[in-house]
1. Name the residue that is farthest from GLU31 (Cα to Cα), counting only residues in region 61-82 that are small (Gly, Ala, Ser) and surrounded by 12 or more Cβ atoms within 10 Å (Cβ to Cβ).
2. I want to confirm something. Restricting to region 63-92 and keeping residues that are at pLDDT below 95 and not in a loop (DSSP other than H, G, I, E, B), which single residue is farthest from SER14 (Cα to Cα)?
3. Collect the residues in region 17-44 that are buried (at least 19 other Cβ atoms within 10 Å of the Cβ) and farther than 19 Å from LEU67 by Cβ, keeping them in residue-number order.
4. Got at least one residue in region 45-60 being at positive phi and crowded, with 16+ Cβ neighbours inside 10 Å?
5. Could you list, in sequence order, all residues of region 27-50 that are touching a residue at least 24 places away in the same chain (Cβ under 8 Å), more than 12 Å from the chain's Cα centre (by Cα) and more than 11 Å from ARG81 (Cα to Cα)?
Amino acid sequence: MHRSATQALKVNQSLDVRTLAAPADYLKAKESLEAMGEHHVLELYIGDGEPMRRIPFGLRAEGYEILVSEPATNGVRFLVRKRVSLKGDEGR
């Protein structure tokens with residue numbers, strides 16, 4: 001069931017930051033999401049360990065939605081949906 005839900009999502013862009021050091025890995029992921037259209041989905045590969053604690057937390061804090069988190073070779077694969085920008089949302 002989990003696999004079919006993952007397959008139903010349309011991935012608009014894929015990004016692998018497993019070889020980047022902090023904070024470049026997070027900044028590259030955030031930059032990619034900012035450049036995407038609303039509701040688009042980024043397939044993001046990050047490394048195990050410290051990036052796993054830092055990147056998902058930071059993206060959620062920025063308002064992005066983590067749809068899928070699953071093991072991948074040398075790390076974790078995420079599907080992240082870009083948030084919808086609302087007028088007047090800047091102060092929230």
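The values are calculated or read from the model by the stated rules, or taken from the named source; none is laboratory data. From a predicted model like this one, the values you see are computed outputs, not experimental measurements. Don't worry about glycine lacking a Cβ; one is built from the backbone with ideal geometry, like all the others, and counts go over all protein chains shown.
1. ALA72
2. GLY91
3. The answer is ASP25, and nothing else.
4. No, region 45-60 contains no residue that is at positive phi and crowded, with 16+ Cβ neighbours inside 10 Å.
5. If the condition is that a residue be touching a residue at least 24 places away in the same chain (Cβ under 8 Å), more than 12 Å from the chain's Cα centre (by Cα) and more than 11 Å from ARG81 (Cα to Cα), then GLY47, ASP48, GLU50 are the ones that fit.
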